[in-house]
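This report concerns only the one structure given below.
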Amino acid sequence: MLVKAYSAAVMGLEATTITIEVNLTRGVTFRLSGLADMAVKESYDRICAALPNIGFKTPTANLTINLSPADLKKEGSGFDLPMAIGILGADNKINCDRLQEYMMVGELGLDGKLKPVRAVLPIAIRARKEKFKGLIVPIENVREAAVVNNLDVYGMENLADVVAFMNGHGLYEPMVTDTRKEFYAQQCNFDDLDFADVKGQESVKRALEVAAAGSHNIILIGPPGSGKSMMAKRLPSILPPLSLAESLETTQIHSVAGKLGSNVSLISQRPFRSPHHTVSQIAMTGGTAKAMPGEVSLAHNGILYLDELPEFSKQTLEVLRQPLEDRKITIARANYTVEYPCSFMFVASMNPCPCGYYGDPTHHCVCTPGQIQRYTSRISGPLMDRFDLHVEVPVVPFKQLSSMAPGEPSSTIRERVIRARHIQTERFASLPSPSGGVGGRPHCNAQMTERMIHQFAEPDEQGLNMLRMAMERLSLSARAYSRILKVARTIADLEGSEKVQSQHIAEAIGYRNLDRGDWAERGI
């Protein structure tokens, strides 16, 4: 008897419907076709152990299973459930009339229990697109899949529940959740990470506010203990909240990577990824045999923070250059090519020298000029050029450190950032989506094209003269010129100014005082 069940295979963010064809005839052999990897081939062993444990006998027959389309590689343990249901259907143990209405995914334990799998959200989106009535998943994945509307999602504890459901026995209700209510309720939960705890450093907090308002890349340079990491970790608390569309896109990436916890529906806060400096190129950009997203994609719509930037390998840092510009990354291997979005805010921190105390008035630096030069040269000029703001973080004086007065809270700073982002959203709303652009039209100043810069960030004559002098004295590149104008536009938005004025240009230039040409002169 021939029976068909349905599941899906995920490559990148796209899911493809897989038809599991199970055929039983007289005999004693087992065949599996359809370009299955080892995890899929081992499914039969798990099924044979699970069936007796839920009261069914493994059929003794000539069993052939085909995973169609046969030329698409199938990976992972998520095919256990549909293969087991297909075998039971071919053995006349379940009613096959409902199989064509449901897509299934799940790993089987030897006791018949369903275990969670990754990439359930893209599969649910595919099931709705293919007009399946419902999706059956392990109970731990049900909230993740229930995000997709117009699709009945059933979370099952074990294989016996799925059999009873297919036979019409028992009462099983689809998961119903108020996704919007849960999403908005969790958006402002930042625990104890608040800028009110930061003593002093007003100029640095101002730079971080500007960076957050325009989604600009920023690097913090200062001696140990000056508060670089402390302030960087509090940056998410002043970023605008995720929209539902951004949250869905971010959740898909984390779902494919298997980074969603159990009973999680949508990611409600912007990601903050902080990989260790021993991270490899593949872990940073993504890839491996399963085309998994890397750190740059996991930081999509959020922050990628690299602490102690010069300690990262030069090769790992250089692979960031293209994703920072294109806001997407294409991973090409011999047997696949996938594309992931990676529109993130790049934040980094570093010491000015190997010992960390160059330029610190309270400590003596023991590094030679050659050591300082070698240390800073680990960061290439093109990568440094991609930071919109270069900020020196001084040591906090004891008077400010011992002060009991709290600093400005994140909630107040966040309100100003949200107002500035709202101005930018309205400014770009009427623009057509740029051809070849990523994610459609820009929604913040950091994403402006050159044409948009001339349209919205053109300075007055005094500001233009000031910018010309800075370009000549600091040996700035053409990219730095564009980034200064973008930052100036953001500063003007924070002040509610329609035009970019000379004081906005002056402040934006001040955030480039550690540019490459200046570093060569000062040795830092």
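What nm distance separates the two modelled labels at L244 and D460, each placed 7 Å from Cα along Cα→Cβ?
Taking the simple label geometry, L244 and D460 are separated by 4.4 nm.
With axes computed from alpha carbons, what is the tilt in degrees of helix 461-474 against the longest principal axis of the chain, rounded to the nearest 10 within 0 to 90?
Approximately 90 degrees, to the nearest 10.
What is the antiparallel percent of DSSP beta bridges lying wholly in the chain, to the nearest 5?
Rounded to the nearest five, the antiparallel share is 50 percent.
How big is the C-alpha Rg of the chain next to the rule-of-thumb value 2.2 N^0.38 Å, as a ratio?
Working it through for the chain, the quotient is 1.16.
Relative contact order of the range 438-494, please, whole-number percent, based on alpha carbon pairs below 8 angstrom and at least 6 residues apart.
The value is 51 percent.
What aspartates and glutamates sit close enough to K115 to cross-link, taking a C-alpha to C-alpha distance under 12 Å and skipping anything fewer than 8 places away on the same chain?
Reachable aspartates and glutamates: D80, E107, E140, E157.
Provide the net charge surrounding A299, with neighbours chosen by a C-beta distance below 11 Å and charges set as Lys +1, Arg +1, Asp -1, Glu -1.
Residues near A299 contribute +1 overall.
Report, to the nearest whole %, how much of the accessible area of the range 271-355 belongs to carbon and sulfur atoms, 1.4 Å probe, protein only.
50 percent
Can you check what the net charge comes to around G112, using other residues whose Cβ is under 13 Å from the Cβ of G112 (Lys, Arg +1; Asp, Glu -1)?
-2
For the pairs K74/K181; K93/K133; K129/K290, flag any whose C-alpha to C-alpha distance is greater than 31 Å.
Violating the 31 Å limit, Cα to Cα: K74/K181.
How far is the Cα center of the range 95-151 from the Cα center of the range 319-371, in Å?
With the range 95-151 and the range 319-371 each reduced to a Cα centre, they are spaced 40 Å.
With every protein chain kept in place and ligands, DNA and RNA left out, what is the accessible area per residue of the chain? Probe 1.4 Å, answer in Å².
44 Å²
What order, most packed first, do the peptides 480-493, 316-329, 355-368, 10-23 have when packing is the mean number of other Cβ atoms within 10 Å of each residue?
Most protected by this proxy first, the peptides run 480-493, 10-23, 316-329, 355-368.
Could you work out the relative contact order of the chain, using alpha carbon pairs under 8 angstrom and six or more residues apart, expressed as a whole percent?
It comes to 13 percent, rounded to a whole number.
Treat every Asp and Glu Cβ in the chain as -1 and every Lys and Arg Cβ as +1, leave all other atoms uncharged, and give the resulting dipole magnitude about the Cα centre to the nearest 20 debye.
Around 620 debye, computed over the chain.
Just from its helices, what would the mean residue ellipticity at 222 nm be for the chain, if runs of 4 or more DSSP H residues each count -39500 (n - 2.57) and the sum is divided by every residue, rounded to the nearest 500 deg cm²/dmol?
-10500 deg cm²/dmol
Take the alpha carbon atoms of the range 1-30, find their center, do the same for the range 43-90, and report the distance between the two centers in whole angstrom.
Taking the Cα centre of each part, the range 1-30 and the range 43-90 sit 8 Å apart.
With axes computed from alpha carbons, what is the tilt in degrees of helix 80-90 against the longest principal axis of the chain, rounded to the nearest 10 within 0 to 90?
Once rounded, one gets 20 degrees.
When the accessible area of the range 178-230 is split by element with a 1.4 Å probe, what percent falls to carbon and sulfur?
Heavy-atom surface of the range 178-230 belonging to carbon and sulfur, 1.4 Å probe: 49 percent.
Ranked by accessible surface with a 1.4 Å probe, highest first, in what order do E295, E202 come?
The ranking, largest first, comes out as E202, E295.
The values are calculated or read from the model by the stated rules, or taken from the named source; none is laboratory data. Please read all numbers here as calculations on a predicted model, not as lab measurements. Ideal geometry is used to build each Cβ from the backbone, glycine not excepted, and the neighbour counts take in all protein chains shown. SASA here: full protein model, heavy atoms, side chains in, ligands and nucleic acids out. Shrake-Rupley method; radii C 1.70, N 1.55, O 1.52, S 1.80 Å.
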